[in-house]
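Worksheet for the structure shown next.
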Amino acid sequence: MKAEISPKAHKRASRMLHNIYDRSTLEKILEAEDFARKTLSFYRYVKIDNPEFFRDKLYREWFSLRVLGRVYIAHEGINAQVSVPEHNYSKFLESLESRAELRGMRINRAVQDDKKSFLKLKLKVRPKLVNDGLQDDSYDVTNVGTHLSPEEFNSAMELPETIVVDMRNHYESEVGHFENAVLPEADTFREELPQVLDLLKGKENQKVLLYCTGGIRCEKASAFLRHHGFNDVNQLYGGIIYYAHDIQQKRLKTRFKGKNFVFDERLGEKISEEVISHCHQCENLSDNHVNCANNQCHLLFIQCESCKQRYQGCCSEECMKYNSLSEEEKLANPFKKSGFHHSRLRPVLQQRSGS
């Protein structure tokens, strides 16, 4: 039986300004849709005087258009990844254009549209769009590097002594990155900025090329490096998402190897056919990120199909055994982490799985 949103429930959800359904219901509602969706991302650093009011107005408009996704709003701007019904796409653009803060904004289209990229609409007000861990007045965030088109970025990579730096987290670059890029071992963006500064020490006069998923992290990273004396800082316009579209349309050679990690239900988009990462459990080639099927763990890790079957979607035998318990048994025996680092980064899974 198909799940549908009744007019009464739709009105109540719109009034409450947040999702009111559980995951199972959301999946059924999405599966019942008989229309295609576009997966989009965009950001802009712009002054928003009242982020809470701005957020509530956007939620009502976008909820009525059946928009799904994750949107962050702050005094300094907006950062959004959304899924928009094709038949409401023009109305969604009208919603953007009706606001001076969002008018004329560049929009990135996903490499692979998928109805299942998002299950619900979530708009949050945050202190910052990207958490850099720095004081707002510690450097000029508007003094950014030179924006390069994908073709210009490819050409710049060929120049001698050029340094290419991946401004994403370790679990993102693990499954895909540009050739010969510097790949910081960072868990978060705020950890990455000082790491990059240390890695590039003494190279202030060399050409630096920065890239990230959609461009927003490079805006702050380029300003940060310029503040610290780097003279030739450049960033990939539109990030990996725009790069993948542009090289495909222009039939250019891709310099990106592997998969682009994305922060939605898909967890990745193929940019090239190479698989450059390995299963965290058996070390066979795999670029499939999953969350541990034990919701009390939910660790993000890379798992091949063979290990998925062996461990029933879990990251370890410990989690697999716990997941097989009845709900009553789980309540009587709360899950314990056994001291392992509960993170999405670099899990030492073989020791935990007994393999």
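The values are calculated or read from the model by the stated rules, or taken from the named source; none is laboratory data. Model, not experiment: these values are computed from the prediction. Because the Cβ atoms are built from the backbone with ideal geometry, glycine has one as well, and the counts that use them run over all protein chains shown.
Condition check ((1) part of a helix (DSSP H, G or I); (2) within 22 Å of R37 (Cα to Cα)) across all residues:
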residue	(1), (2)
W62	yes, yes
V71	no, yes
N79	no, yes
N88	yes, yes
L96	yes, yes
R106	no, yes
L129	no, no
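State yes or no: is E94 more than 18 Å from the chain's Cα centre (by Cα) and either under 28 Å from P150 (Cα atoms) or buried (at least 20 other Cβ atoms within 10 Å of the Cβ) (or both)? No. Of all the numbered requirements in (1) basic (K, R); (2) in the same structural domain as Y43 (by TED's automatic domain parsing); (3) under 27 Å from S286 (Cα atoms), R168 misses one, and that requirement is (2).
Of the residues S95, S83, S117, which single one is in contact with a Leu (Cβ under 6 Å, 6 or more places away or on another chain), among the hydroxyl-bearing types (S, T, Y) and not assigned by TED's automatic domain parsing to the domain that holds K250?
Of S95, S83, S117, the one residue that is in contact with a Leu (Cβ under 6 Å, 6 or more places away or on another chain), among the hydroxyl-bearing types (S, T, Y) and not assigned by TED's automatic domain parsing to the domain that holds K250 is S83.
Summed over the range 310-355, residues that are over 11 Å from Q281 (Cβ atoms), among the charged types (D, E, K, R) and modelled with pLDDT under 85 total 4. Checked against the criterion of being farther than 22 Å from C212 by Cβ and modelled with pLDDT under 95, the candidates K115, K128 yield just one match: K115.
Per the conditions (1) among the hydrophobic types (A, V, I, L, M, F, W, C); (2) outside any strand (DSSP E or B); (3) touching a residue at least 60 places away in the same chain (Cβ under 8 Å), the sole criterion not satisfied by I48 is (3). The test for being within 26 Å of L68 (Cα to Cα), at pLDDT below 90 and among the aromatic types (F, W, Y) holds for F263. Out of curiosity, is P127 in contact (Cβ under 8 Å) with a residue 40 or more places away in the chain and surrounded by fewer than 15 Cβ atoms within 10 Å (Cβ to Cβ)? The answer is yes for P127.
Each row is one residue, and each column tells you yes or no for (1) polar (S, T, N, Q); (2) in the same structural domain as E61 (by TED's automatic domain parsing); (3) out of contact with any Leu (no Cβ under 7 Å at 6 or more places or on another chain).
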| residue | (1), (2), (3) |
| --- | --- |
| V130 | no, no, yes |
| S138 | yes, no, yes |
| V141 | no, no, yes |
| F153 | no, no, no |
| M157 | no, no, no |
| E161 | no, no, yes |
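Filter the range 221-260 for residues that are touching a helix residue (DSSP H, G or I) at 6+ places or on another chain (Cβ under 8 Å), under 23 Å from H170 (Cβ atoms) and among the aliphatic types (A, V, I, L, M) and give the result. Across the range 221-260, the qualifying residues are A221, L225, V233, L236. The residue that is farthest from R99 (Cα to Cα), among those in the range 16-49 that are among the basic types (K, R) and surrounded by 14 or more Cβ atoms within 10 Å (Cβ to Cβ), is K28. Select, from G133, G104, the only residue that is at positive phi, surrounded by fewer than 16 Cβ atoms within 10 Å (Cβ to Cβ) and touching a Lys or Arg at 6+ places or on another chain (Cβ under 6 Å). Every option except G133 fails the conditions.
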